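Asks: So that we are looking at the same thing, I have put the structure below in structure tokens.
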Amino acid sequence: MLKVGLTGGIGAGKSEVSRLLVGHGAVLIDSDRIAREVVAPGTPGLAAVTEAFGTEVLAADGSLDRARLGGIVFADPEKLAALNAIVHPLVGARSAELQRAAGADAVVVHDVPLLTENGLAPLYDLVVVVDASPETQLERLVVLRGMSEEDARARMAAQATREQRREIADLVVDNDGELPALRARVEEVWAELAKRAHEQSTAGLEA
């Protein structure tokens with residue numbers, strides 16, 4: 001099993017890269033999706049978040065109002081750290097469970113938005129960073145996601161810098177261009193991942 005950490009700044013296009021990798025045969029473990037699952041209504045995770053931030057972060061139906069919570073934590077590093085302390089252990093436990101269920105020869109891609117910030121690179125056999133310029137990120141967040149420029153800049157500022165992400169990268173996917181260029185680069189990356197997975201599997205058999 002080859003364990004790959006996939007990360008990138010908000011708006012860099014990491015979700016599209018993960019989708020393309022799945023198309024090539026990767027097993028995806030999506031931390032964002034798991035993060036939503038562990039704070040679903042009725043979970044201990046949601047109870048802990050409500051205790052920490054109050055019932056104002058709940059929607060009318062009792063689910064977590066992620067936009068409201070985001071507005072609170074992304075403007076306050078201490079509150080963001082408090083939220084991460086609740087959610088990250090739950091996400092980690094569920095991710096480990098899903099990884100154990102993958103095949104022994106699988107390429108398991110962990111989509112982890114805050115991989116750099118939380119010093120998680122050593123957990124993976126290699127790290128793939130999806131990179132885009134801050135200008136590209138900002139444009140995508142405002143135009144495609146409908147964020148205000150102020151909110152978009154605040155979320156970008158709460159993350160690691162572009163340079164910090166690239167420092168931990170084994171492979172970089174540049175995503176300032178068009179989709180065909182991204183597809184071509186992901187195909188190259190997949191070829192490298194498949195090669196390493198095969199080498200690792202072969203080494204394991206010989207050991």
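The values are calculated or read from the model by the stated rules, or taken from the named source; none is laboratory data. The shown structure was predicted, so the numbers you read here are calculated from the model rather than taken from an experiment. Note: ideal-geometry Cβ built from the backbone for every residue, glycine included; neighbour counts use all protein chains shown. Only protein heavy atoms, including side chains, enter the accessible area calculation; ligands, DNA and RNA are left aside. Shrake-Rupley method; radii C 1.70, N 1.55, O 1.52, S 1.80 Å.
Asks: Mean-square fluctuation check for the chain, GNM, Cα pairs under 10 Å: which of Val57, Val128, Val109 is largest?
Replies: Comparing Val57, Val128, Val109 in a Gaussian network model of the chain, the most mobile one is Val57.
Asks: Then there's this: At 30 Å minimum axial length over the Cα atoms and a Kyte-Doolittle cut of -1.0, report the qualifying DSSP H helices in the chain, or say none.
Replies: The answer, listed by residue number, is 77-101, 179-206.
Asks: Still on this structure, please answer the following. Using a simple charge model, +1 on the beta-carbon of Lys and Arg, -1 on the beta-carbon of Asp and Glu, nothing else, what dipole does region 2-55 show about its Cα centre, in debye to the nearest 20?
Replies: With only Lys, Arg, Asp and Glu charged at Cβ, the dipole is about 180 debye.
Asks: Over the chain, with a Gaussian network built from C-alpha contacts below 10 Å, which listed residue (Arg145, Arg196, Arg185) shows the highest mean-square fluctuation?
Replies: Arg145
Asks: A further question follows. For region 113-207, which whole percent of the accessible surface, found with a 1.4 angstrom probe, sits on carbon and sulfur atoms?
Replies: 50 percent
Asks: Of Ser15, Met1, Ala52, whose Cα points farthest to the positive end of the dipole of region 1-66 (charges on the beta-carbon: +1 Lys, Arg; -1 Asp, Glu; origin at the Cα centre)?
Replies: Of Ser15, Met1, Ala52, it is Met1.
Asks: Name the shape class, rounded, prolate or oblate, that the alpha-carbon gyration tensor gives for region 1-148, where a ≥ b ≥ c are the square roots of its eigenvalues, rounded holds for a/c under 1.5, and otherwise prolate holds if a/b is larger than b/c and oblate otherwise.
Replies: Since a/c reaches 1.5 but b/c is at least a/b, the shape of region 1-148 is classed as oblate.
Asks: Now for a separate question. Can you list the lysines whose alpha carbon sits under 22 Å from that of Lys3, skipping same-chain ones fewer than 8 residues off?
Replies: Candidates past the 8-residue exclusion: Lys14, Lys195.
Asks: Just to confirm the filter: which GluC sites (Glu not before Pro) across region 158-202 are DSSP coil and have at most 11 other Cβ within 10 angstrom of their Cβ?
Replies: Hits after loop and neighbour filter: Glu178.
Asks: Another question, then. With each label point set 7 Å from Cα along the Cα-Cβ vector, what nm distance links Glu199 and Leu126?
Replies: 0.7 nm
Asks: Rounded to the nearest whole Å², what accessible area per residue is found for region 1-131 with the 1.4 Å probe?
Replies: Accessible area per residue, region 1-131: 45 Å².
Asks: With +1 on the Cβ of every Lys and Arg and -1 on the Cβ of every Asp and Glu, and nothing else charged, how large is the dipole of the chain about its Cα centre, in debye rounded to the nearest 20?
Replies: Taking the Cα centre of the chain as origin, the dipole is about 300 debye.
Asks: Any idea how far the Cα center of region 159-207 sits from the one of region 84-110, in Å?
Replies: Spelled out, the Cα-based centre of one part sits 19 Å from the other.
Asks: Over the chain, what relative contact order in percent results from Cα pairs under 8 Å that are six or more residues apart?
Replies: With pairs under 8 Å counted, the relative contact order is 37 percent.
Asks: In nm, what is the difference between 0.36 nm times the number of residues separating Glu37 and His24 and their Cα-Cα distance?
Replies: Value of the extension gain: 2.1 nm.
Asks: Multiply the residue separation of Asp176 and Arg66 by 0.36 nm, subtract the distance between their alpha-carbon atoms, and state the gained length in nm to one decimal.
Replies: Full-extension gain reported as 36.8 nm.
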